[in-house]
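Participant: Before I ask anything, let me first share the structure, which is written out below as C-alpha cells.
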Amino acid sequence: MSARMLFRGGRVVDPSQKLDGVHDVLLVDGKVAQVGRDLAVPEDARVVDCAGLVVTPGLIDVHVHLREPGGEHKETIASGARAAAAGGFTAVACMPNTDPACDNEAVVKYILKKAQEAGYARVLPVGAVTKGRKGAELAELGSMASEGAVAFSDDGSCVFDSILMRRALEYAKGLQKPILQHAEDPGMFKNGQVHEGLLSTRLGLKGIPSACESSVVNRDIELAALTGGRLHLCHLSAAGSLAHVRRAKALGLPVTCEATPHHLLLTDEAVGAYDTRMKVNPPLRAEADRQALLAAVLDGTVDCLATDHAPHHADEKEIEFGLAAFGMVGLETAVPAMLDLLVKPKLITMGRFVELFAANPARVLGLPMGTLKPGTEADITILSLKHSTAVAPEKFQTMGRNTPFQGRRFAGRVERTLVAGHPCYAAGKAPERRPC
Ligand SMILES: [Zn+2]
C-alpha cells in the first residue's frame, strides 16, 4: 500500500526541527515524508485541512497502569490503548505492577502482543526492577530489554534497598535504559493516606510526609552520581524533591523527572470531606508544593508531564477512605488540562508543551519518537486550542471512572491521533483500530 496523506495548513510545532509555524506535513506509507510550506499535493493523496489546528509529534505518556494481566476488571491493554489514543497519546509506557508482575520476558511479549492486537496507541512495556516487585532480588533486566522493555521500574513500590538500587542503575546503564523510580521511604509511608499537614490532622488520617519522597530522591541522585546510570524520578510531588533535582541537573548528572497534571492542578484541600477520588500516591500536597512543581515545569527542571493513569473499579473507590485504592485516571484529561493550565495563560509556549509531552519522554525512553523529522514513523497528534473539553467520565474510553476532574471544562481539545500514519482517533468519533 502506498498511501499518501497531506495535512495542510496547520500550525506545526516540532521543537526537534525548531518549527512553530504554518506548514504542510506529507505522509507516505506511514512515515513522515516532508514538512514544509505549500507542498505540492500528490494526485493520490488524501488531504486533511488543518487550518486553525496545531500539528505536533505524537504525544507520549511515560507512566500509565494498564492493569493487564491480572486486573482486567479495572482496565485492559486494549481499553487503555484506546483511551490513550482518545487522549492524544500515540505511545504509553505501562508499569509492571500487574499480576503476575511484568518481571520476565514472557510478560513483556504478552503485553506487546495484546497491544498489537488492540491496534490503538503503541504500548511500551516497562519491566520490573526486582523479581515480583518484591524489592529483594534483581529481575532479568537483560532478557526483558531484548524482548522490548523500554525501561525498568518497581512503580507502585520503591526500590528502597540501596545496594539493589545501585546494581539496578549499573545494569540498566549497560543496557542503555533508565530506572524509573517511585521514590518513597516505606517506613515513613506506613499506612499513610494523605499528605501530612493540616488536612491529615483535621481529618484524623495518617499523613505521608514530603520527606518520604524527597529523602529517597536525594539518595538516588547520589547513586546516579556514583554509577552514572540514568535515573528518572516518577510523579514528583514535594518541593524538597524538586530542589534536589535542580541541584543534580546543575551538576550535569543523568537525572530526569516527571510531574502529573493532578499534582499541578490540585492540593490536599481537594480531599475535602474524605473524597476518595482525590486519594492518590504520592498524595496531593500543600499549595507551596504545587507552586514549587509549577515553577519546576516553567524553569525546565521537570522534563516530562505524565499521567500516572491508574484506573480502578468503582468498588475500589466507593468505600471508606482508609480502604479506598490510591490512584486516578488521566489519559483522557491530561492534554486539555495542561493546555488549560500552562498554554492558555501563556506560562509556556506550545514548543515547550511538545517538549514536555513528546520530545523529552522520547529522550527519557531513548526512542526515535517525539519528532516529525522526515523518515520517522508518522505518529502525530492534532490539537485545537479554540475548542474546549468537558470532563465527562461516562464518555471515557478507559474503564476507570476515577477522575478528580469530573465536571470541569479545560481549554483545548484533541482533534486527531495518528499512529504510523493510521488514524486511531478523531474528535467526536469512536476511536478506530489500526490494522495489525
Ligand atoms: Zn508510582
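The values are calculated or read from the model by the stated rules, or taken from the named source; none is laboratory data. These numbers were taken from a predicted model, which means no experiment stands behind them. Cβ atoms come from the backbone with ideal geometry, glycine included; neighbour counts cover every protein chain shown. All accessible areas refer to the heavy atoms of the entire protein, side chains included, with ligands and DNA or RNA removed. Shrake-Rupley method; radii C 1.70, N 1.55, O 1.52, S 1.80 Å.
Participant: Show me the helices (runs of 4 or more DSSP H) entirely contained within the stretch 145-227 in which 2 or more residues are open to solvent by 40 Å² or more (accessible area, probe 1.4 Å) and away from the ligand (no atom under 16 Å from the Cβ). Steps first, answer last, please.
Facilitator: Details: elements: 162-174, 186-189, 198-203, 211-227.
The helices (runs of 4 or more DSSP H) meeting that bar are 162-174, 198-203, 211-227.
Participant: Give me the strands (runs of 3 or more DSSP E) completely within the stretch 21-91, filtered to those with at least 1 residues that are modelled with pLDDT of 95 or more, crowded, with 24+ Cβ neighbours inside 10 Å and within 16 Å of the ligand (Cβ to nearest atom), ordered by residue number. It would help to see each step written out before you state the result.
Facilitator: On the way: elements: 31-36, 46-49, 54-57, 59-64.
Qualifying strands (runs of 3 or more DSSP E): 59-64.
Participant: Same structure, new question: Considering (1) under 21 Å from ALA83 (Cα atoms); (2) within 16 Å of the ligand (Cβ to nearest atom), say which one GLY127 fails and leave the rest.
Facilitator: Failed condition: (1).
Participant: Cβ contacts < 7 Å: first residue in a helix (DSSP H, G or I), restricted to the stretch 264-288; second residue of a type in the set (S, T, N, Q) and within 16 Å of the ligand (Cβ to nearest atom), any location; separation 6+ or different chain. Result?
Facilitator: What qualifies is ARG277/ASN402.
Participant: Of everything in the stretch 240-298 that's among the polar types (S, T, N, Q), over 21 Å from HIS312 (Cα atoms) and within 16 Å of the ligand (Cβ to nearest atom), which residue is least open to solvent (accessible area, probe 1.4 Å)?
Facilitator: So the residue we want is SER241.
Participant: Sticking with this one: Would you please list the contacts, defined by Cβ atoms under 9 Å and residues six or more apart or on different chains, that run from a residue in the stretch 386-410 that is part of a loop (DSSP other than H, G, I, E, B) to a residue that is of a type in the set (Asp, Glu) and surrounded by 22 or more Cβ atoms within 10 Å (Cβ to Cβ)?
Facilitator: Hits for this filter: VAL391/GLU332; PHE396/GLU332; GLN397/GLU332; THR398/GLU75; THR398/GLU332; MET399/GLU75; GLY400/GLU75; THR403/GLU332.
Participant: For LYS429, which of the numbered conditions (1) in contact with a Gly (Cβ under 7 Å, 6 or more places away or on another chain); (2) surrounded by fewer than 21 Cβ atoms within 10 Å (Cβ to Cβ) fails to hold?
Facilitator: Here LYS429 clears every test but (1).
Participant: Take the stretch 108-143 and flag every residue that is open to solvent by less than 40 Å² (accessible area, probe 1.4 Å), more than 18 Å from HIS63 (Cα to Cα) and under 21 Å from the mean Cα position of the chain (by Cα).
Facilitator: Across the stretch 108-143, the qualifying residues are ALA118, GLY119.
Participant: Give the number of residues within the stretch 228-239 that are within 16 Å of the ligand (Cβ to nearest atom) and either farther than 20 Å from LEU164 by Cβ or open to solvent by 40 Å² or more (accessible area, probe 1.4 Å) (or both). Steps first, please.
Facilitator: Let us first name the residues in the stretch 228-239 that are within 16 Å of the ligand (Cβ to nearest atom), namely 231-238.
Going one step further and asking which of them are either farther than 20 Å from LEU164 by Cβ or open to solvent by 40 Å² or more (accessible area, probe 1.4 Å) (or both), we end up with 235-238.
Number of matching residues: 4.
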